[in-house]
Each structure stands twice: as structure tokens, then as C-alpha cells.
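The values are calculated or read from the model by the stated rules, or taken from the named source; none is laboratory data. If you're wondering where the values come from, they're calculated on a predicted model, not measured in any experiment. A quick note on method: Cβ atoms are made from the backbone with ideal geometry, for glycine too, and the neighbour counts reach across all protein chains shown. Accessible surface areas use protein heavy atoms only, side chains included; no ligands, DNA or RNA. Shrake-Rupley method; radii C 1.70, N 1.55, O 1.52, S 1.80 Å.
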Amino acid sequence: MLNEQGYHIAVVGATGAVGKKMLETLEKKNFPIKSLKLLSSSRSAGNKIEFKGESFIVEEAKPESFEGVQIALFSAGGSVSKKLAHEAVARGAVVVDNTSAFRMDKDVPLVVPEVNEADIANHNGIIANPNCSTIQMVAALKPIQDKYGISRVIVSTYQSVSGAGDAATDELKQQTQAFLNGDELKPELLPVAGEEKHYPIAFNALPQIDVFQENGFTFEEMKMINETKKIMHAPELSVAATCVRLPFFNAHAESVYVEIDDENVQVSDLQNAIANAQGVILEDDPTNQVYPTPLSATDKSEVFVGRVRRDLDNSKGFHLWVVSDNLLKGAAWNSVQIAESLVKNNWL
């Protein structure tokens, strides 16, 4: 049942992959909700969704939908956020936006609560949720930055198809079955739905996530580069990224190379810093083959780190393996954490 002492909440994009996870997370974390509006495109309006034993009808998202709403969780695409986020704010709501629409806006906090929760206090009605790949990386790097300083980051990602939505998950299933049956693979979505050329994802690796920029990096890679600097308050930080889509369903993995400022730090020092960090779990025992994987991280809200080792040629360089559920910590849980911070700190 809903809580009479709670808050008036709206979820925009409630029928999508992340929207569903947001609702699951709100329920699992027992977020105090007095009223709940489920909003979507006109195509999905009229659907029914169960939440805490009650049935809610999904409504078409319109400006007037946000009358009386205190917190609006957006995950319906950047165009929807650009169209409706300010409308929600004008009606008194605080928006937690899970798209790229406002992330690099200088007046919009870009927040991972374990890293820069205090930035939420400076919001002007909109708080941006970072890219899923960025979230897990900065959560793992924050304790290292705090203790030892960081000058350089190079990351290669191994990203699941759920990051591209339910349709990409369906395409992987269909292509996998077709491959096993000896049938022709028919790519229609990946790496980018809106581009003319598509590649099969089943039994494949696609070194492109989102569209290429003039500098040769993809938009996904530039998100990681720019968002990392903003979240960590480190505009001078050197960051490079290569983002790759792989044929598994959920959770993202990353190989992260980091250069720190102190050459006297040992592997055990980094491991201890990571193990004591909020929201991060160290799984690092190579002698017993203990390290995180996408399957082991699925349906868990933490960020997992393993394979911490010093670079063989640079005493200030270290390598990390970082894994997290992209739909949970990478989207839904991080958004709900921001909402919890708004309530806990009276930042509404």
C-alpha cells in the first residue's frame, strides 16, 4: 500500500526497461510514496502495471501530468526529457533525469551519490543521472581519487545489450537461436538503430555504441570522458574510452587503467580503499579465481571490483576490473538514491 506520509512521485517511461527497474527499486527499497503516476508515450498509455499490490494505469505523459508531483523520475529518452522536464519543474516537481539531455548542462548537477552527493543541493529543479558505464567506473575510482589522487584513466567497456533497451535484448535472443539453427542472422538494430548499417550481435563484438563523433570517438565514449571529469570535479583529468557491445543480456564490465599521483602505493592499499568504499564490493582473490562477472553482478545494486594489479611498466599505474548491473546501479537504483538524498537532506 502507498504511504500517507510519503511523496507524490511520477515515473516517466514506466513501460521501458529502466522504467520497470525504477518501479521495482522503489518498491524494494520501500521509498515513501503517497501517490504514484506512471507516464509513457501515447503508444503505451492504457497499459496496467502492478505496484505494491495495486494496479496502476499508464497515462500519456503531458505537461499537465506533473500537477502535484514532487519527484519525477525520467527515463523515456532525451527528446522526451527536453520536452517535458522543464514543464515538470514549472509545476513544482524535482526531476531526476536518466537521459543524456542535461548531463553536461553547467547548471544541472550530474550525480553518483557515493561520489558527489553534495552536488544535489545545488539543483535548479533538474538532477542528471550519469551514463551507466560512467556510474560504475567513478564509484570504483572515487576512493582512489580521495586517498591517492588520479591523473589519468583509460577504460575499455564490455557492455550488455540491455543497455540498448528491450528491443536489443529481443534481437540477441532471436539471432542466437537463428545462429544455432544455422539460419541467416538479420540485424535490424545494433550498433545504432537510427543508422543505415547494422551488424549481428549474437556471437559477435561491436566496437561502436552510439554514433561516431568527428574526433573518431563515439558519443558513448565521449559521455564517459566528459561525465567522469564533471562528476569527479576534475576538468584536468586525462580520460580515454573505448566502448564495446557484447552478446550477453545484462550488466556491464570494464577494464580500467588508472594512474595515481603517489608512486609508493601498493596493490593492497588500493584494495583496502576500494573495499571500504560506500556501495562498492571488492571481489579480488585471483588464486581462487574470485572476481566479478556480469552474471554474478546481475540484480545487485552495488559496484564490484576485482583483478586489482600494478602496471608492469609504470609504478603509478594500476589495472581494475569493474562490473555492475547497468539497469540497477547504472540507472534505476542511482536515480532512486538521488531521490532518497533529496528527501533525506530536505533538498526538494
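May I ask you to verify whether residue 329 is among the charged types (D, E, K, R), open to solvent by 50 Å² or more (accessible area, probe 1.4 Å) and either in contact (Cβ under 8 Å) with a residue 12 or more places away in the chain or outside the structural domain of residue 286 (by TED's automatic domain parsing) (or both)?
Values: among the charged types (D, E, K, R): yes; open to solvent by 50 Å² or more (accessible area, probe 1.4 Å): no; either in contact (Cβ under 8 Å) with a residue 12 or more places away in the chain or outside the structural domain of residue 286 (by TED's automatic domain parsing) (or both): yes.
It is false that residue 329 is among the charged types (D, E, K, R), open to solvent by 50 Å² or more (accessible area, probe 1.4 Å) and either in contact (Cβ under 8 Å) with a residue 12 or more places away in the chain or outside the structural domain of residue 286 (by TED's automatic domain parsing) (or both).
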* To do: Please indicate, with yes or no, whether at least one residue in segment 174-192 is of a type outside the set (Asp, Glu), surrounded by 16 or more Cβ atoms within 10 Å (Cβ to Cβ) and closer than 30 Å to residue 309 by Cβ.
  => no
* Asked: Only one of (1) in contact with a strand residue (DSSP E or B) (Cβ under 7 Å, 6 or more places away or on another chain); (2) open to solvent by 20 Å² or more (accessible area, probe 1.4 Å); (3) in a strand (DSSP E or B); (4) not basic (Lys, Arg) fails for residue 50. Which number is that?
  -> (1)
* Taking the condition touching a Phe, Trp or Tyr at 6+ places or on another chain (Cβ under 9 Å) and modelled with pLDDT of 95 or more, does residue 173 pass? -> yes
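For residue 283, state whether it is open to solvent by 20 Å² or more (accessible area, probe 1.4 Å), within 17 Å of residue 158 (Cβ to Cβ) and in contact with a strand residue (DSSP E or B) (Cβ under 8 Å, 6 or more places away or on another chain). Talk me through it step by step, then tell me what you get.
Working: open to solvent by 20 Å² or more (accessible area, probe 1.4 Å): yes; within 17 Å of residue 158 (Cβ to Cβ): yes; in contact with a strand residue (DSSP E or B) (Cβ under 8 Å, 6 or more places away or on another chain): yes.
Considered against the rule, which asks whether it is open to solvent by 20 Å² or more (accessible area, probe 1.4 Å), within 17 Å of residue 158 (Cβ to Cβ) and in contact with a strand residue (DSSP E or B) (Cβ under 8 Å, 6 or more places away or on another chain), residue 283 comes out as yes.
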* Asked: Here are some conditions: (1) open to solvent by less than 10 Å² (accessible area, probe 1.4 Å); (2) more than 30 Å from residue 314 (Cβ to Cβ); (3) in contact with a helix residue (DSSP H, G or I) (Cβ under 6 Å, 6 or more places away or on another chain). Residue 128 meets all but one. Which one does it not meet?
  -> (3)
* Filtered residues of segment 11-36 (kept if in a strand (DSSP E or B), open to solvent by 40 Å² or more (accessible area, probe 1.4 Å) and under 13 Å from residue 76 (Cβ atoms)) -> none
